[in-house]
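What follows is a single structure, written as structure tokens, with notes after it.
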Amino acid sequence: MSDTKELSPNLDDQKLTFTRVAFEKLLPPEGLFDDRVPVDENTHGLFLPVIVCKKNHAFVIIDGCKRYKILKARGQKDVACGIIETAMSPAQAGLLRIELNSSRQLHAREKLLFIGWLKAHLDQEKYHEQAEKLRLPANERHEFEQILGCKPWLIEAVMQGTLDPAVAPEMDHLSESDAGALINLFSLLSFSRQMQRELAEWLPEIAFIRKISLKALLASETLSGVIIDTRLNDPQKTAKIHDHAHAMRFPLYTEAKKNWTEYVRKANPDPSVITFHASPYFEKNALEIRIKAADAEKVRHSIRQLAAIDPEEWRKLVDPTASSLEKPPIHRQDQKQ
């Protein structure tokens, strides 16, 4: 896989020849520079020489790609360069480039390029050794490793900050039109990582069940109407879209929750003092009751009120999925399907 049995030497150990090199003789490092990485044209680093190594009759840039880009755009004919005299293989030159840039804050596109290059050119042991030098948190590095194999439009959405990197692999099975429609939704409103993950899971499943495309589902009035509703602010829109998606994906649970809320409204003898709390998804067949009181007599009064509730009403409160409203009971495994 790699011709870097010995890691590329440190730049401090290299003999450099300083001279000016014409731009037409300079080559950006293949696979290690993305022209879309933003640059700061006011940086004082423009005065530093570009570090290059020889390649036939040209020179490959090892450090200074942004300087090269800025100065070339300004119309300069040549640039000051430090030429490494030691012959270097492409893999060694690439590894040195990554090492020279590992001490600064990297743009997301650079992180992806560097991680992808290291995985392609090094064995597993050396990859981990060099990846550690990028100073990325382990979870962030893992996310970039996961998106390396994703489709281009998903990677680009991550690079633009629209799609969370943890969500991209979960969308890789989608067609370009469906993925594009979901990415467009994420670009319109600011969804949390968890919301993106849930919508990326639920919405394709809903579309499959309804035998329509995800793009058509997102264009439906239920979802698109929320986006254009001027009465709602952005956080309200994200919450409503999430709620709609949850209700469409889990209709039985949504109906049970709606019924339970109605049962509570009818059964609670004193909502200002007594509150009911169901277990998540009604899984435990249990009901938590909280009583707010300033003295013992008030507590006794509340308990007497609770004791007067009809047993059938208690059964509905404890398990609304097995109500007697002429509906078949919802089996446990279907409660959130």
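Counting the residues of the stretch 273-289 that are within 39 Å of the chain's Cα centre (by Cα), closer than 16 Å to residue 314 by Cβ and not in a loop (DSSP other than H, G, I, E, B) gives 8. In the set (1) surrounded by fewer than 17 Cβ atoms within 10 Å (Cβ to Cβ); (2) assigned to a helix (DSSP H, G or I), the condition left unmet by residue 127 is number (1). Residue count for the stretch 196-254 satisfying the condition of being on the phi < 0 side of the Ramachandran plot and in a loop (DSSP other than H, G, I, E, B): 11. Only one entry of 221, 132, 156, 125 meets the criterion of being acidic (Asp, Glu) and within 15 Å of the chain's Cα centre (by Cα), and that entry is 156.
Where helices (runs of 4 or more DSSP H) sit wholly within the stretch 138-195, those with at least 1 residues that are within 21 Å of residue 128 (Cβ to Cβ), out of contact with any Leu (no Cβ under 7 Å at 6 or more places or on another chain) and not acidic (Asp, Glu) occupy 138-147. Could you tell me whether residue 164 is more than 11 Å from the chain's Cα centre (by Cα) and not assigned by TED's automatic domain parsing to the domain that holds residue 108? For residue 164, the condition - more than 11 Å from the chain's Cα centre (by Cα) and not assigned by TED's automatic domain parsing to the domain that holds residue 108 - is not met. If you go through the stretch 254-272 and keep only what is surrounded by 14 or more Cβ atoms within 10 Å (Cβ to Cβ) and either under 42 Å from the mean Cα position of the chain (by Cα) or within 13 Å of residue 319 (Cβ to Cβ) (or both), you end up with 254, 255, 256, 257, 259, 260, 263, 264. Can you find a residue in the stretch 184-197 that is closer than 30 Å to residue 106 by Cβ, without any contact (Cβ under 8 Å) to a residue 12 or more places away in the chain, out of contact with any helix residue (DSSP H, G or I) (no Cβ under 9 Å at 6 or more places or on another chain) and surrounded by fewer than 17 Cβ atoms within 10 Å (Cβ to Cβ)? Within the stretch 184-197, one or more residues are closer than 30 Å to residue 106 by Cβ, without any contact (Cβ under 8 Å) to a residue 12 or more places away in the chain, out of contact with any helix residue (DSSP H, G or I) (no Cβ under 9 Å at 6 or more places or on another chain) and surrounded by fewer than 17 Cβ atoms within 10 Å (Cβ to Cβ). Per the conditions (1) under 18 Å from residue 99 (Cα atoms); (2) modelled with pLDDT under 90; (3) of a type outside the set (D, E, K, R), the sole criterion not satisfied by residue 1 is (1). Count of the stretch 256-270 residues, restricted to those that are in contact (Cβ under 8 Å) with a residue 12 or more places away in the chain and more than 18 Å from residue 321 (Cβ to Cβ), is 2.
Restricting to the stretch 40-70, and then to whatever is aliphatic (A, V, I, L, M) and exposed (fewer than 15 other Cβ atoms within 10 Å of the Cβ), can you tell me which residue is farthest from residue 107 (Cα to Cα)? Give the derivation first.
Looking only at the stretch 40-70, we keep the residues that are aliphatic (A, V, I, L, M), and these are 46, 48, 50-52, 58, 60-62, 70.
From what is left, the residues that are exposed (fewer than 15 other Cβ atoms within 10 Å of the Cβ) are 48, 58.
Numbers: 48: 21, 58: 28 Å.
Here the residue is 58.
Every listed requirement among (1) without any contact (Cβ under 8 Å) to a residue 24 or more places away in the chain; (2) of a type in the set (A, V, I, L, M, F, W, C); (3) loosely packed, with under 10 Cβ neighbours inside 10 Å is met by residue 73 save one, (3). Here residue 226 fulfils each of the conditions (1) surrounded by 16 or more Cβ atoms within 10 Å (Cβ to Cβ); (2) out of contact with any His (no Cβ under 8 Å at 6 or more places or on another chain); (3) not small (Gly, Ala, Ser) apart from (2).
The values are calculated or read from the model by the stated rules, or taken from the named source; none is laboratory data. Note that this is a predicted model, so its numbers are computed, not measured. Because the Cβ atoms are built from the backbone with ideal geometry, glycine has one as well, and the counts that use them run over all protein chains shown.
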